1. What is the distance in Å between the Cα centroid of the stretch 48-74 and that of the stretch 89-117?
2. Could you check the spin-label model distance between LEU108 and GLU37? Points 7 Å from the Cα along Cα→Cβ, value in nm.
3. Which of the aspartates and glutamates could a cross-linker span from LYS50 if the Cα-Cα distance has to be under 15 Å and same-chain partners fewer than 8 positions apart are dropped?
4. Could you state the angle between the C-alpha long axis of helix 61-70 and the longest principal axis of the C-alpha atoms of the chain, as a value from 0 to 90 degrees rounded to the nearest 10?
5. How about the stretch 71-131: which trypsin sites (Lys or Arg not before Pro) there are in a DSSP loop, with at most 12 other Cβ atoms within 10 Å of their Cβ?
6. With r as the distance between the Cβ atoms of LEU49 and LYS7 and R0 = 22 Å, compute the FRET efficiency 1/(1 + (r/R0)^6) and round to 0.05.
7. So, in nm, how far is label VAL96 from label ASP26 when the simple model puts each one 7 Å beyond its Cα toward the Cβ?
8. Which lysines have a Cα lying under 29 Å from the Cα of LYS121, excluding residues fewer than 8 positions away in the same chain?
Amino acid sequence: MTDAEEKKTVIYAMKTTAKQERTVVDNIVKALEDHDEIHVVAVMAPEELKGYVLIESPDPIARIEQLREMVPNARAVVKGEMAFSEIEHFLVPKPVVTGIDEGTIVELIAGPFKGEKAVVKRVDTSKEEIT
């Protein structure tokens, strides 16, 4: 195991241009392929966190700043570290049927009745199914 793998990892937040989070993630991955001196364990752009990308790395914030300079649309690295508990809820998948109750009017988006409106009669959360 190398020294980098043995170090404790830290989560940093990187501010991005609006609606460019996915592009920044892709560009970070490309930049890391060419720069072995920067170690990143994971990169993610949660849908709920607009304008930010989260980076997990054992490196100090100065290395993440170097990475930011190589990536278009990456604006700044937020000073300080994030605790895992702060981002844990981004990693848990949300049920598809959340927020839909019986009696709710919905619009069908696929199938032979696409574009039609319907009333929800039954919600089965265990099967993630709406009738």
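1. For the stretch 48-74 versus the stretch 89-117, the Cα centre distance is 34 Å.
2. Modelled inter-label distance: 6.1 nm.
3. GLU21
4. 70 degrees
5. Sparse-neighbourhood loop trypsin sites (Lys or Arg not before Pro): LYS79, LYS114, LYS121, ARG122, LYS127.
6. After rounding, the FRET efficiency stands at 0.30.
7. A separation of 2.6 nm, rounded to one decimal place.
8. LYS94
No value in this document is a laboratory result; all are computed from the given coordinates. Just so it is clear, the model here is predicted, and its values are computed rather than measured. Cβ coordinates were reconstructed from backbone atoms using ideal geometry, including for glycine residues, and neighbour counts include every protein chain displayed.
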